[in-house]
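First the structure, in the form of structure tokens, and then the observations on it.
The values are calculated or read from the model by the stated rules, or taken from the named source; none is laboratory data. Computed from a prediction, not measured in an experiment: that's the story for all the values here. Virtual Cβ from ideal backbone geometry, glycine too; neighbours counted across all protein chains shown. Accessible surface is based on the protein model in full, side chains and every heavy atom, while ligands, DNA and RNA are left aside. Shrake-Rupley method; radii C 1.70, N 1.55, O 1.52, S 1.80 Å.
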Amino acid sequence: MPFTYPFELIRVRMAIEMKSYSQRPSPWNAIRTIWAEGRAHSLLPALHFYRGFTVSALGTVPYRGGIFLIWETLNAQSRERFSRETLDAYQTRIHLVIGAISGTVAQVATYPLEVIRRTQQASGAGFPERMIGFRETVTRIWTLARWGGFFSGLGIGLIKQVPMHSISLVVWQIAKRLLNV
């Protein structure tokens, strides 16, 4: 994640710049802008490519851990509640549903951290002279939109994440079965 994170920041900044300019922004312009912000206001300009990284790292453990905690818990419950014949006949469908539930719960629980991260990534466009901190970001979101601000965009995120986790967890289970793991 530390190596690919700057690409995420560049992608977010290009999306923001798209709103500001009539022509399509390029990755090189975003890189130059972020580097210039860092060079003008910091001894380490490369740090500006890591706006929001701490929040992203903090959110990864509960998000990924939450998915697997719910996945394993619901799988254990399904083994207790369903007969062996039902599990064999509908195992893929059961795993799809459990994967969807796991992804949904983890996404909803950790989404406020995603909003904070995205806000920090975008902050360079509004506050290029400095990186805004966690507390300032939370205060800004709360002041502008209260609780709703921390869940802004959740619906579209679920449309993307739920099928992705559902399918990836099923593929993981099928691969384990095929490999006898």
Gaussian network model of the chain, springs between alpha carbon atoms under 10 Å - residue of R79, R11, R64 with greatest fluctuation: R79
Taking the Cβ of I156 as the center, what net charge do the other residues with Cβ under 13 Å away carry, scoring Lys and Arg +1 and Asp and Glu -1? +1
Under a GNM of the chain (C-alpha, springs under 10 Å), which listed residue has the highest mean-square fluctuation: I31, I98, I159? I159
Counting only protein heavy atoms, what percent of the accessible surface of the chain is carbon or sulfur at a 1.4 Å probe? 66
Taking K and R as +1 and D and E as -1, what net charge do the other residues with C-beta under 15 Å from the C-beta of H95 add up to? +3
Taking a probe of 1.4 angstrom, what is the accessible area of F7 in Å², to the nearest 10? 140
Mind listing the long-range amide H neighbours of R51? Cut-off is under 5 Å, sequence gap 5 or more, other chains count too, H placed in the peptide plane at 1.01 Å from N. none
What is the local net charge at I141, summed over the other residues whose Cβ is closer than 13 Å to its Cβ (Lys, Arg +1; Asp, Glu -1)? +3
With an 8 Å cut-off on Cα pairs and a minimum separation of 6 or more residues, tell me the relative contact order of the chain in percent. 26
Mind putting a number on the dipole of the range 59-138 about its Cα centre? Charges go on the C-beta only, +1 for Lys and Arg and -1 for Asp and Glu, and I need it in Debye to the nearest 20. 60
Helix 134-149 axis, angle to the chain major axis (alpha carbon atoms, nearest 10°): 60
When all protein chains stay in place, what accessible area (Å², nearest 10, 1.4 Å probe) is found for I174? 60
What is the packing order of peptides 140-146, 105-111, 175-181, 162-168, taking the mean over residues of other C-beta atoms within 10 Å and listing the highest first? 105-111, 162-168, 140-146, 175-181
I'd like the Karplus ³J(HN,Hα) series for the range 48-59: coefficients 6.51, -1.76, 1.60, θ = phi - 60°, whole numbers in Hz, and an x wherever there's a Gly or Pro. 5, 7, 10, 4, x, 5, 4, 5, 4, 5, 5, x
About the Cα centre of the chain, what is the dipole size in debye to 20, counting +1 per Lys and Arg Cβ and -1 per Asp and Glu Cβ, all else neutral? 220
Along the positive direction of the dipole of the chain (beta-carbon charges: Lys, Arg +1; Asp, Glu -1; about the Cα centre), which of I98, Y63, I116 reaches farthest? I116
Most fluctuating of S26, S123, S83 in the GNM of the chain (C-alpha, under 10 Å) is S83
Identified option (computed semi-axes √(5λ) of the Cα gyration tensor in Å; candidates [x] 39, 17, 14; [y] 22, 20, 17; [z] 41, 23, 12): [x]
